[in-house]
Every structure is written in structure tokens, then in C-alpha cells.
Amino acid sequence: MYSVNNIGIRFSGIDLFKNISFLVNEKDRIGLTGKNGAGKSTILKLLSNEIEATSGNIIIPKDKSVGYLPQQLENTSTLSIFDETITAFEEHQKLELQIDNITNELSERSDYESQSYLNLINDLQNANDRFHILDGKSREGNTEKTLLGLGFDKKQFDQSVSSLSGGWKMRIELAKILLQMPNLILLDEPTNHLDIESIQWLEDFLKSYHGAVILVSHDRTFLDAVTNRTIEITQGKFYDYKCNYSEYVKQREVLLEQQKSRFENQQKEIKEIEDFIDRFRYKATKAKQVQSRIKMLEKIDRHQLDLLDKKSIHFKFPPAPSSGKISVEISNFGKSYGDNTVLKNIDITIIKNEFVAFVGRNGEGKTTLAKAIVGELEYDGEVKLGHNVKIGYYAQNQADLLNENQTVFETIDNVAVGEIRKNIKSILGSFLFSGEDIDKQVKVLSGGERSRLALAKLLLEPVNLLVLDEPTNHLDMQSKDILKNALMQFDGTLILVSHDRDFLKGLSNKVFEFRNKKIKEHIGDISEFIDKKKIQNLNELELKKTSSDRKSKESSSNKEQFLLRKEFDKKQRKLQKLIQTCEKNIEVLETSINKMDEDLADPQESMVSFSDETFYKAYNGAKSNLDAEVEKWERLHIEFEELQQP
């Protein structure tokens with residue numbers, strides 16, 4: 001159990017939140033929610049000891065470990081992908097050394113009834129238990145399985161980490177945390193860098209995880225699949241719901257209505273008191289009653305509307321200009337980066353008013369084709385826009401292209417023309433920028449605020465083809481809902497690159513699946529596509545990988561055969577070493593037990609008392625450890641024999 005006690009955090013003299021308290025239980029799956037800037041990431045940083053609270057404290061037991069994945073993390077490793085990932089097993093190596101040291105010490109001692117001997121046996125048992133929980137004997141296999149689950153191809157394992165993009169480096173950091181199996185996992189927007197298949201694999205992993213999980217995510221489907229508890233932070237206040245995100249939304253509506261009712265009733269009461277004071281303030285005969293009302297007014301604990309009513313916030317895209325029947329026609333399209341061919345021989349047509357989703361694993365060419373359509377890169381083949389097609393484009397890094405020295409208002413004002421300039425404040429208000437927010441410089445905005453501002457720029461000019469590449473990254477739930485509602489009413493053509501299943505749901509009538517340098521067309525919504533593909537469970541993904549690996553081995557080169565043999569020899573040596581260590585432990589424990597049996601056979605000679613609880617505790621502990629070691633020895637032998645089979 002982890003305890004958060006009255007914590008508060010203050011930045012630049014302003015309280016982000018204060019007096020927040022909650023407990024985290026061993027099997028909790030908690031989703032932190034709230035608009036961008038509410039303090040969700042700050043909570044994770046506090047729990048991971050990245051920053052210190054201004055007030056209050058956080059209690060994490062000394063024997064509990066915490067794994068933390070921030071939104072951004074710099075990895076400068078020059079190791080290969082596999083070698084960097086396997087560095088996660090530092091605890092495994094320490095446990096192995098601890099087990100060896102304790103075993104050696106026990107073999108040299110004969111004070112079986114002493115407290116220090118019992119403590120050593122207890123330490124050995126704890127170390128063995130933790131090593132078993134971490135599945136220490138399967139490090140390499142688990143590393144491979146985790147990397148495959150997170151979207152890496154086995155052919156990439158020898159590739160240098162330094163050659164990867166930031167998103168793929170974050171996958172490695174996520175893999176390392178999962179492999180370390182900490183007691184508490186903290187994840188800040190883990191799905192931002194994952195594709196649909198990898199997100200589903202991560203869902204399955206977290207659902208069956210042995211420890212507690214706290215995560216920040218704006219992926220509603222992911223939250224519903226993983227969490228059993230939702231904590232909302234809003235305007236410095238804290239609300240704890242014992243349910244997943246969708247159920248929380250329902251309960252939140254009930255709470256909002258109750259809060260509004262209390263607020264309105266209190267406002268009515270306050271107005272009546274104020275009216276009485278104003279009416280009789282200067283009447284001497286009412287002086288006593290007026291003073292009583294004034295004191296009553298001062299004592300009222302005023303209700304606040306901490307929960308925002310999101311229903312009133314909305315915006316619309318300008319009407320789409322008239323265009324031809326075909327929006328985009330692509331013929332014999334191909335694109336390579338050096339020796340790496342991403343797409344080849346692509347022929348697709350996108351019809352006017354179609355809503356199309358581009359889906360597939362990262363690196364399969366979704367963004368490449370989107371950039372080709374908007375004219376941002378060179379390619380082979382032909383991409384032809386239809387008659388009078390006007391494009392609005394939101395790139396993955398669109399928020400990073402904003403001028404950091406401009407204010408929010410200037411960002412829009414400098415590019416707005418004509419009548420739309422009169423509506424700038426209204427447009428910004430639709431994207432949750434109001435009051436002093438519009439005078440903030442871009443450089444002080446959060447990632448979500450920058451994304452909202454970049455999206456607001458799309459409203460400045462009427463378009464009939466929207467190309468949006470991961471528009472929901474960094475957007476909070478409220479902003480995503482606002483954007484989705486606006487897109488549902490857009491009367492042009494939409495091309496949407498996204499891995500957010502909930503956001504895609506209902507937004508597409510056609511899915512283009514990118515895989516193996518090709519594009520396959522699927523009619524229908526994203527939900528129908530996922531059902532058709534049946535990629536929702538880990539077993540099927542592993543089956544596909546196993547089949548692929550088998551084919552790869554059959555056609556592997558001499559070099560690959562050599563590497564496979566080298567890996568086989570390494571596993572064989574490792575198993576032999578583990579078996580030898582196990583046999584040594586068994587010998588030590590059997591010697592100890594035999595000596596205790598002799599003492600029990602002749603208690604007068606050995607001075608053993610039949611009421612000596614310490615002796616029997618050590619005796620039973622040694623027998624229990626022996627059983628565990630024999631079971632482990634049998635398991636290792638079976639594994640070794642299976643390894644020898646062709």
C-alpha cells in the first residue's frame with residue numbers, strides 16, 4: 001500500500017493543488033484524468049520522487065519499487081535495441097548474486113538454531129521468491145516477447161538505439177520498465193508512441209500485471225480496458241471514483257448536477273440575505289437583524305463549481321467549398337528512404353465526402369502518404385488532387401512549428417484575414433483559450449495547449465479536404481471530444497491518421513490498412529476493422545510472430561544461422577550453471593537437515609529441547625527451501641532437455 005498524505009505543490013507562488021490524499025492498493029489500476037495543466041503529470045513525478053511536494057508527504061514502503069515512464073525521455077544509448085532493453089535486469093543480477101552469497105554462507109555455518117541463521121534462510125527465501133516473480137530465468141525470452149509486443153521486428157534487434165526516432169526510443173524505455181516488474185508502474189501518456197496492435201498488447205499486459213498501475217492517458221478505450229479506478233483533478237480539487245473511465249463519466253454527470261443544484265440553492269439564499277441587508281441597512285429598528293444577517297453571510301461556506309460543464313463548449317469548421325467528385329487519386333505510388341522501401345505500387349482513390357482512416361504499425365507509411373498528398377515530400381508515381389480541392393493539414397509536429405515568441409492571440413491574428421478576424425476570440429474560446437490565456441506566449445503553453453492552438457489555425461480558411469496526422473496526441477479528453485464533434489459535422493473529405501480507437505470510432509466509413517509496403521482497403525468503421533482483423537489478444541499476435549519467425553529461420557543466411565547457434569550455446573551454458581547452483585543449494589540444505597535429524601534422534605546428546613520453537617522453525621524452513629530447490633532443479637532439467645530437442 002502506498003500513501004499520499006495532504007500533498008500540495010506550488011509553482012511561482014500559485015497552488016497547482018493542495019491537501020490531496022489517497023491510498024494506492026496493491027492491485028489498483030488507476031487512471032488520472034483532468035484537463036491539461038491540472039497536475040496529472042505532476043502527481044506521477046511526485047510519486048516517482050522526481051520532484052518534492054511543497055507540503056504533505058508520500059509514503060512508499062522501502063521494499064517496494066517504482067517504475068516511471070514520463071511523456072518525454074532522452075535516450076543517448078549507443079547499444080543495440082536488444083542489448084539496451086536487457087539492461088533492465090539489474091535487479092535480477094543483484095538477486096542472483098545475493099542468492100549465491102547467502103547459499104555460500106549457509107554452507108559454511110552450523111549454528112542452525114541461531115537467529116542470524118534463521119534470518120539468512122528468510123533472506124534466501126525472499127530473494128528466491130522475488131527472483132521467481134521477476135521470472136529471472138527467462139530474461140532473454142521475456143525481452144524478445146516484450147519488444148515484439150511493443151511493435152519491434154526481430155530483424156531490428158541488432159539495430160543501434162541511436163538510429164531510432166524519439167517515439168521508438170520511448171518504446172524501449174517502456175519495455176525496460178515492464179521487464180523490471182516494479183511493484184508500482186507509473187505511465188504518462190504511454191499510448192502516444194504506440195500503434196493500435198501495440199496498445200492492445202500493452203492493455204493485456206497491464207490487466208494481468210501483479211502490481212499496481214497509475215497512468216495518465218487520453219485514450220478512453222485504453223483506460224476502460226485497463227483501469228478499475230479513476231482519479232480526477234480539476235481546479236485544484238480531487239475526486240476519486242471506484243470505476244473505469246466510461247463509468248466515471250456517468251457518475252461525474254450525476255455529481256455535476258448535484259453540485260450545480262447546491263450552488264444555485266446557496267446563491268439564492270445568499271441573494272435573499274443580501275437583499276435583506278440592503279433593504280434595512282439604514283433602519284435603526286432593524287439594526288440588530290441586519291448585523292445578524294451580515295455575520296450569517298460571513299460564516300457561509302460557499303460552494304464552488306469545481307466540475308466544469310463541458311456540454312456548452314463547441315465549434316464548427318467553416319463550410320467546405322464545392323469540389324469535384326474525386327478528392328485524391330493515387331496511381332503507382334512508391335516511396336523509399338535510401339535502401340528502405342516504405343510503400344510501392346499503391347493505387348487508391350478517395351472520393352468526395354469520404355471519411356478515411358489510415359491505420360497500421362508505426363513505420364508502415366501512413367505519415368509518408370499523408371505528406372505526399374499535401375505536397376510535402378517527393379515520391380514515385382502520381383498523386384492527383386481533384387477539381388478545386390483545398391487542403392487543411394495538421395502534421396504530427398504541427399504544434400512545434402508555432403512561433404514561440406508570439407502570444408496565443410497573435411498566432412491567430414497574424415494569419416487571419418477578412419471577416420474571420422472578427423471571430424478570433426470566439427474561435428480561441430472554442431478551443432478553451434479565454435481571459436488571460438489569449439495573452440500567454442506560445443513558449444509557456446503545455447503540449448496540449450499548443451496542439452489546441454495549432455488546430456484552431458485550421459479554422460481560419462475554408463477547406464474541403466482535411467488531412468490530420470495524429471491530431472489527438474497531447475489533447476485532453478475534453479479537447480478530443482470537442483474536436484471529434486466538430487469533425488462529425490465537417491461536410492468535406494477527411495483523411496485521419498490515428499491510433500486512438502475511441503476517437504476513430506464513428507469518424508470513418510473506410511479504413512486503409514498499411515502493412516508490408518502495401519495498402520489494403522476495408523469498408524466500414526474502425527470497430528468493424530478491428531473485429532475483422534482479430535488483433536485484440538496477445539496470443540494471436542504471438543502466433544503471427546512465431547509463424548513469421550519460423551519462415552525467417554528457414555530462409556536465414558549463414559550469418560543468421562551462426563547467431564542462432566551462438567544464442568543456443570549461451571542459453572545452454574546458462575541453464576547448466578543454474579542447475580549446478582541448484583545442486584549446490586540442495587547439497588547444503590540436505591546437510592543441514594541431516595544434522596538436525598541427528599539432533600532430533602538424540603536430543604539429550606544434542607541438547608535440543610522438544611519445546612524449542614526456534615529449532616523447529618529453522619528445521620521446517622530448511623525443508624521448505626529444499627522442496628523449492630528440488631522443484632526448481634526438476635524444472636531446469638526439463639527446460640534443458642527441451643532445449644536439446646531438434
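What number goes with the only condition from (1) without any contact (Cβ under 8 Å) to a residue 40 or more places away in the chain; (2) open to solvent by 40 Å² or more (accessible area, probe 1.4 Å) that residue 388 does not pass?
If we test residue 388 against (1) without any contact (Cβ under 8 Å) to a residue 40 or more places away in the chain; (2) open to solvent by 40 Å² or more (accessible area, probe 1.4 Å), just (1) comes out false.
What's the total number of residues in the range 471-485 that are touching a Lys or Arg at 6+ places or on another chain (Cβ under 6 Å) and farther than 19 Å from residue 71 by Cα?
Restricting attention to the range 471-485, the residues satisfying the condition of being touching a Lys or Arg at 6+ places or on another chain (Cβ under 6 Å) are 472, 476, 478-479.
Restricting the remaining residues to those that are farther than 19 Å from residue 71 by Cα gives 478.
Qualifying residue count, the range 471-485: 1.
Quick one: would you say residue 369 is closer than 30 Å to residue 489 by Cβ, crowded, with 19+ Cβ neighbours inside 10 Å and at pLDDT below 85? Before the answer, list the steps.
Details: closer than 30 Å to residue 489 by Cβ: yes; crowded, with 19+ Cβ neighbours inside 10 Å: yes; at pLDDT below 85: no.
No, not satisfied.
Residues are listed down the side, and each one gets a yes or a no for (1) open to solvent by less than 60 Å² (accessible area, probe 1.4 Å); (2) modelled with pLDDT under 85; (3) closer than 23 Å to residue 8 by Cα; (4) of a type in the set (Gly, Ala, Ser):
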site	(1), (2), (3), (4)
46	yes, no, yes, no
50	no, no, yes, no
60	yes, no, yes, no
66	yes, no, yes, no
69	yes, no, yes, no
77	yes, no, no, yes
86	yes, no, no, no
89	yes, yes, no, no
94	no, yes, no, no
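Yes/no per residue for (1) crowded, with 18+ Cβ neighbours inside 10 Å; (2) within 14 Å of residue 318 (Cα to Cα):
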residue: 423; (1), (2): no, yes
residue: 429; (1), (2): no, no
residue: 433; (1), (2): yes, no
residue: 438; (1), (2): yes, no
residue: 442; (1), (2): yes, no
residue: 450; (1), (2): yes, no
residue: 455; (1), (2): yes, yes
residue: 466; (1), (2): yes, yes
residue: 472; (1), (2): yes, no
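Please determine, by comparing only the residues of the range 213-243 that are of a type in the set (Ser, Thr, Tyr) and open to solvent by 20 Å² or more (accessible area, probe 1.4 Å), which one is modelled with the highest pLDDT.
Within the range 213-243, the subset of a type in the set (Ser, Thr, Tyr) is 217, 221, 227, 230, 234, 239, 241.
Subset that is open to solvent by 20 Å² or more (accessible area, probe 1.4 Å): 221, 239.
Numbers: 221: 91, 239: 88.
That would be 221.
Taking residue 248 as the residue in question, decide whether it is open to solvent by less than 10 Å² (accessible area, probe 1.4 Å) and closer than 28 Å to residue 9 by Cβ.
Details: open to solvent by less than 10 Å² (accessible area, probe 1.4 Å): yes; closer than 28 Å to residue 9 by Cβ: yes.
Considered against the rule, which asks whether it is open to solvent by less than 10 Å² (accessible area, probe 1.4 Å) and closer than 28 Å to residue 9 by Cβ, residue 248 comes out as yes.
Would you be able to say whether some residue in the range 311-321 is modelled with pLDDT of 90 or more and more than 21 Å from residue 269 (Cα to Cα)? Walk me through how you get there before you give the answer.
The initial filter retains those residues of the range 311-321 that are modelled with pLDDT of 90 or more, namely 320-321.
Retained after the next criterion (residues that are more than 21 Å from residue 269 (Cα to Cα)): 320-321.
Yes; the residues of the range 311-321 include at least one that is modelled with pLDDT of 90 or more and more than 21 Å from residue 269 (Cα to Cα).
Would a scan of the range 259-276 turn up a residue that is within 30 Å of residue 7 (Cα to Cα), open to solvent by less than 20 Å² (accessible area, probe 1.4 Å) and of a type outside the set (D, E, K, R)?
Within the range 259-276, one or more residues are within 30 Å of residue 7 (Cα to Cα), open to solvent by less than 20 Å² (accessible area, probe 1.4 Å) and of a type outside the set (D, E, K, R).
Please pick out the residue among 302, 281 that is modelled with pLDDT under 85, under 26 Å from residue 37 (Cβ atoms) and open to solvent by 60 Å² or more (accessible area, probe 1.4 Å).
Details: 281 fails: under 26 Å from residue 37 (Cβ atoms).
Testing whether each residue is modelled with pLDDT under 85, under 26 Å from residue 37 (Cβ atoms) and open to solvent by 60 Å² or more (accessible area, probe 1.4 Å) leaves just 302.
Could you tell me how many of the residues in the range 144-171 are modelled with pLDDT of 85 or more and either open to solvent by 30 Å² or more (accessible area, probe 1.4 Å) or within 10 Å of residue 81 (Cβ to Cβ) (or both)?
The qualifying residues number 19.
With the range 390-475 as the region, which helices (runs of 4 or more DSSP H) entirely inside it contain at least 3 residues that are charged (D, E, K, R)? It would help to see each step written out before you state the result.
Values: elements: 408-413, 424-430, 447-456.
Passing ranges, in order: 447-456.
Give the range 172-187 a look and list any residue that's of a type in the set (S, T, N, Q) and either open to solvent by 40 Å² or more (accessible area, probe 1.4 Å) or within 14 Å of residue 74 (Cα to Cα) (or both), or say none.
First pass over the range 172-187, keeping only residues of a type in the set (S, T, N, Q): 180, 183.
Residue satisfying the conditions is 180 alone.
Consider residue 247 carefully, then state whether it is in contact with a helix residue (DSSP H, G or I) (Cβ under 9 Å, 6 or more places away or on another chain) and more than 14 Å from residue 187 (Cα to Cα). Explain how you work it out, then say what you get.
Values: in contact with a helix residue (DSSP H, G or I) (Cβ under 9 Å, 6 or more places away or on another chain): yes; more than 14 Å from residue 187 (Cα to Cα): yes.
For residue 247, the condition - in contact with a helix residue (DSSP H, G or I) (Cβ under 9 Å, 6 or more places away or on another chain) and more than 14 Å from residue 187 (Cα to Cα) - is met.
Please tell me if residue 30 is part of a loop (DSSP other than H, G, I, E, B), in contact (Cβ under 8 Å) with a residue 40 or more places away in the chain and β-branched (Val, Ile, Thr). Please lay out each step first, then the result.
Details: part of a loop (DSSP other than H, G, I, E, B): no; in contact (Cβ under 8 Å) with a residue 40 or more places away in the chain: yes; β-branched (Val, Ile, Thr): yes.
Taking the combined requirement at face value, the residue does not satisfy it.
Could you tell me whether residue 121 is among the aliphatic types (A, V, I, L, M), within 30 Å of residue 582 (Cα to Cα) and surrounded by fewer than 20 Cβ atoms within 10 Å (Cβ to Cβ)?
Values: among the aliphatic types (A, V, I, L, M): yes; within 30 Å of residue 582 (Cα to Cα): yes; surrounded by fewer than 20 Cβ atoms within 10 Å (Cβ to Cβ): no.
For residue 121, the condition - among the aliphatic types (A, V, I, L, M), within 30 Å of residue 582 (Cα to Cα) and surrounded by fewer than 20 Cβ atoms within 10 Å (Cβ to Cβ) - is not met.
Are any residues in the range 18-42 at negative phi, in contact with a strand residue (DSSP E or B) (Cβ under 6 Å, 6 or more places away or on another chain) and buried (at least 18 other Cβ atoms within 10 Å of the Cβ), and if so, which ones?
Within the range 18-42, 20, 24, 28, 29, 30, 31, 32, 33, 38, 40, 41, 42 meet the criteria.
Out of the helices (runs of 4 or more DSSP H) lying entirely within the range 476-572, which hold 3 or more residues that are open to solvent by 80 Å² or more (accessible area, probe 1.4 Å) and at pLDDT below 80? Break it down stepwise before answering.
Values: elements: 477-488, 501-504, 526-533, 538-554.
Ranges flagged: 538-554.
Looking at (1) assigned to a loop (DSSP other than H, G, I, E, B); (2) modelled with pLDDT of 85 or more, can you tell me which one residue 120 breaks?
(1)
With respect to the numbered conditions (1) surrounded by 15 or more Cβ atoms within 10 Å (Cβ to Cβ); (2) under 36 Å from the mean Cα position of the chain (by Cα); (3) more than 25 Å from residue 199 (Cβ to Cβ); (4) of a type in the set (Val, Ile, Thr), which one is the sole condition not fulfilled by residue 133?
(1)
Quick check on my filter: what residues within the range 320-371 are part of a loop (DSSP other than H, G, I, E, B) and closer than 14 Å to residue 389 by Cα? Break it down stepwise before answering.
As a first pass, look at the range 320-371 and keep what is part of a loop (DSSP other than H, G, I, E, B): 320-325, 338-339, 352-354, 361-365.
Within the range 320-371, 320, 321, 322, 323, 324, 325, 352, 353, 354 meet the criteria.
Any residue in the range 247-267 that is closer than 17 Å to residue 220 by Cα and among the hydroxyl-bearing types (Ser, Thr, Tyr)?
yes
The values are calculated or read from the model by the stated rules, or taken from the named source; none is laboratory data. Predicted model, so just to flag it, every value in this text is computed and none were measured. Every residue, glycine as well, gets a Cβ built from its backbone with ideal geometry; the counts of neighbours run over all protein chains shown. Surface accessibility is based on the protein's heavy atoms, side chains included, excluding ligands, DNA and RNA. Shrake-Rupley method; radii C 1.70, N 1.55, O 1.52, S 1.80 Å.
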